[in-house]
Amino acid sequence: MVYSDEYELKKQLSFNHQEEKIIKKLDLTPEAFLPLIFSIKFGGDWSFKTKSLKVLAVKDKLTRYDQQKMVGYTIETVFLFVNPKILNEEGLVHRLEKCGDKKEREIVKRPFKIEVDAEDIIKAVINPLTLKITVKHVKGPLFFEGSSAYGVSHEMNHLQGVEVNGKSLWDFSYELR
């Protein structure tokens, strides 16, 4: 009899083994794949850097919903950029963000649209209906707008060692209407 903890551990080990195989097939170093793994496992956008490597993963979500059946699913597409560079930024959006050790969210300025390229770009599409993560190399440059553009901008700040500060959430005031 297999206990549920054993079963879950075997599933995790099998999943991790699949990651190792896909990393080799994509011809990446394991470190370069980390932001993609984190985005898949924990959600959100991630970045990582060493002396010779800068990598970021940004997630885009698209929900498809059938009005007649009243059921849908959300496809998550994660783009992994190896040694990315911003080619162009357009527009300005003021938004609340919280990052790292900061205790509260701050108002920061981000571009609404961004064009980014990299030495290598990997696209991973996560489908909750088929239980598949489809991975492939894609050519850049790629264009993002809205939330994905903010994610690229935010993670690039991390890679560049830039700390963005803005007005604190505590500068807001409530207003009852």
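A short reminder: the numbers here are calculations on the coordinates, not readings from a lab. Keep in mind that what you see is a predicted model, and the values were worked out from it rather than measured. As a convention, Cβ positions derive from the backbone with ideal geometry for all residues, glycine included, and neighbour counts pool all protein chains shown.
How would 131, 13, 28 line up from fewest to most surrounding beta-carbon atoms within 10 angstrom?
131, 13, 28
Can you put 71, 82 in order of Cβ neighbours within 10 angstrom, beginning with the fewest?
Ordered from fewest to most neighbouring Cβ atoms within 10 Å, 71, 82 come out as 71, 82.
How much length, in nm to one decimal, is gained on full extension between residue 83 and residue 171, taken as 0.36 nm per residue of separation minus their Cα-Cα distance?
Length gained, residue 83 through residue 171: 28.0 nm.
From the helices alone, meaning DSSP H stretches of at least four residues, give me the mean residue ellipticity at 222 nm for the chain, per-run term -39500 (n - 2.57), in deg cm²/dmol to the nearest 500.
-9000 deg cm²/dmol
Determine the distance separating the Cα centre of region 45-101 from the Cα centre of region 137-161; give it in Å without decimals.
A separation of 7 Å, based on Cα centres.
In region 131-169, which residues have a backbone nitrogen under 11 Å from the label point lying 7 Å from residue 73's Cα in the Cα-to-Cβ direction?
Backbone N within reach: 131-133.
Output the relative contact order of the chain, whole-number percent, from Cα pairs under 8 angstrom with separation of 6+ residues.
18 percent
In what order do 135, 162 fall by count of nearby beta-carbon atoms within 10 Å, going from fewest to most?
Least to most surrounded, the residues fall as 162, 135.
Could you work out how far helix 4-25 tilts from the main Cα principal axis of the chain, as a 0 to 90 degree angle to the nearest 10?
Relative to the chain, helix 4-25 is tipped by roughly 80 degrees.
Return the distance in nm (one decimal) between the two label points of a simple spin-label model at residue 103 and residue 127, each offset 7 Å from Cα along Cα→Cβ.
Between residue 103 and residue 127, the label points sit 4.7 nm apart.
Given axes a ≥ b ≥ c from the Cα gyration tensor, I'd like to know whether region 26-174 is rounded (a/c under 1.5), prolate (a/b larger than b/c) or oblate.
Because a/c hits 1.5 or more and a/b fails to exceed b/c, region 26-174 counts as oblate.
Apply 1/(1 + (r/R0)^6) to the Cβ-Cβ distance of residue 119 and residue 147, taking R0 = 22 Å, and write down the FRET efficiency to the nearest 0.05.
Rounded to the nearest 0.05, the efficiency is 0.35.
Between residue 18 and residue 6, how many nm apart are label points set 7 Å from Cα along the C-beta direction?
For residue 18 paired with residue 6, the spin-label model returns 2.3 nm.
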